[in-house]
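No lab work stands behind these numbers, since they all come straight from the coordinates. Since the model is a prediction, treat every value here as computed from it, not as a measurement. Note: ideal-geometry Cβ built from the backbone for every residue, glycine included; neighbour counts use all protein chains shown.
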Amino acid sequence: MPARKKPLVIVTRKLPDTVETRMRELFDARLNLEDKPMSQAELAEAVKVADVLVPTVTDRIDASVLSQSGDNLKLIANFGNGVDNIDVATALSRGITVTNTPGVLTEDTADMTMALILSVPRRLAEGSQVLTGDNEWTGWSPTWMLGKRIWGKRLGIIGMGRIGQAVARRARAFGLQIHYHNRRKVAARIEEEIGATYWESLDQMLARVDIVSINCPHTPATYHLLSARRLKLLRPETYVVNTARGEVIDENALIRMIGAGEIAGAGLDVFEHEPAVNPRLAKLAREGKVVLLPHMGSATVEGRIDMGEKVIINIKTFLDGHKPPDRVLPAML
Ligand code: 8YV
């Protein structure tokens, strides 16, 4: 009997070696060893021939790319949790299944969120700069480099899914009082465990918290959820932390208000026009008002391998004729 041809799996970016090796064993995996981001035209070429596409957050799989997809393309197995890089509705309407990698980046992203929650009020980047900058440190002084205390403050989490809950558990250990806004109230058991107060009205919560953390996905419903109007509800002592997606905040309004002293500062791991970063943010960083990271929330060796493992399980299950575990369903969008 002739051996069955292995399915063509096109992977758009360099993945950890162990993940790529396993993909090669299982599939006809076309890898991107040089890690050069693919253009829209290259993505369109890929969907014409692939059986499975494995994109990441840096690939825009929009309606125009999908309109070129060939009959073979039946699965887009996203290497990432957020699927806002993919026009999921169009994919589904063309009979293409979409999967993601939830769960395995929860703790890493929550760690980075906590790091940002601490870094701006406690002036971590500024302090480090004192020792690595041009001038020599002249020594300790009782009234120098004073930040703001974390313990006893109120944290308002927007989006109480897996990551929001993992942030809440950490934040509680740092003495923060947990408030949250979510589409739905979470189970009483979870609320009790993290001592969380639910706000159906985001507007009402914003005016009452000292730190806001964005932990919801970017969907049409959450685009500019923190709009200029809502940002105005924050008190001037409030800090904003975002490890979710830049598009959830009206970034221009945030920058303007931090510059004007109407918001105390921000810790940002994601940006509205990534990888472009508004130069006014770099200026605010030099002034110690913001801490900026280049989308590193889930960037751990272990996390990336786990994500790759999930992608492989989704592809394998699908190709074996079963429902892959991490299907993205219309109700999730
Ligand atoms: C990933 C992320 O690095 O998974 C997500 O949604 O935001 C990131 O942490 C990225 O998406 C990989 O595609």
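Enumerate the calculated ³J(HN,Hα) couplings along the range 44-59 in order (Karplus 6.51 cos²θ - 1.76 cosθ + 1.60, θ = phi - 60°), each rounded to whole Hz, writing x wherever the residue is Gly or Pro.
Calculated HN-Hα couplings, in order: 4, 4, 5, 5, 5, 10, 6, 8, 9, 10, 10, x, 10, 4, 7, 9 Hz.
Given the -39500 (n - 2.57) contribution per DSSP H run of 4+ residues, what per-residue ellipticity at 222 nm results for the chain, rounded to the nearest 500 deg cm²/dmol?
-10000 deg cm²/dmol
For THR18 and GLN40, what is the calculated FRET efficiency with R₀ set at 35 Å and r taken between the beta-carbons, to the nearest 0.05?
0.70
Quick one: grab the alpha carbon gyration tensor of the range 7-158, order the square roots of its eigenvalues as a ≥ b ≥ c, and give me rounded if a/c is under 1.5, else prolate or oblate depending on whether a/b is larger than b/c.
Prolate shape, in that a/c is at least 1.5 and a/b is the bigger ratio.
Figure the gain on full extension for ALA89 and LYS323 (residue separation times 0.36 nm, minus the Cα-Cα span) and round it to one decimal in nm.
Extending this stretch completely gives an extra 82.4 nm.
Take each of the peptides 236-244, 214-222, average the number of other beta-carbon atoms within 10 Å over its residues, and list them starting from the highest.
236-244, 214-222
Cα convex hull of the chain: mean projected area in nm², to one decimal?
Averaging across all directions leaves 19.6 nm² for the Cα convex hull.
Quick one: VAL167, VAL104, fewest Cβ neighbours within 10 Å first, how do they rank?
Fewest to most other Cβ atoms nearby, the residues stand as VAL104, VAL167.
For the chain, what relative contact order do you get, as a whole percent, if you take Cα pairs closer than 8 Å and at least 6 residues apart?
Averaging sequence separation for qualifying contacts and normalising by length gives 16 percent for the chain.
Write down the percent of antiparallel bridges among all DSSP beta bridges whose residues are both part of the chain, to the nearest 5.
Once the DSSP bridges in the chain are tallied, antiparallel ones form about 5 percent.
Normalised by the residues of the range 106-292, what does the relative contact order come to in percent, with Cα pairs under 8 Å and at least six apart?
Normalised by residue count, the contact order of the range 106-292 is 21 percent.
Could you work out, for the range 231-333, what percent of all Cα-Cα pairs fall into each 5 Å distance bin, beginning at 0 Å and stopping at the bin that holds the largest distance?
Spelled out per bin, shortest first, that is 2, 11, 17, 16, 13, 10, 9, 9, 6, 4, 2, 0.
Can you compute log10 of I(q)/I(0) for the range 106-292 with the Debye formula, treating each Cα as one identical point scatterer, at q = 0.12, 0.13, 0.17 Å⁻¹?
-0.55, -0.64, -1.08
Between LYS5 and ARG154, what length in nm is gained on full extension when 0.36 nm per residue of separation is reduced by their alpha carbon distance?
Residue separation times 0.36 nm, minus the Cα-Cα distance, leaves 47.9 nm.
What's the exposure ranking of THR99, THR18, going from fewest to most Cβ atoms within 10 Å?
By the 10 Å Cβ count, ascending: THR18, THR99.
Please find, in a Gaussian network model of the chain (springs between Cα atoms separated by less than 10 Å), the residue of ALA46, ALA276, ALA91 whose mean-square fluctuation is greatest.
Residue with maximal mean-square fluctuation among ALA46, ALA276, ALA91: ALA276.
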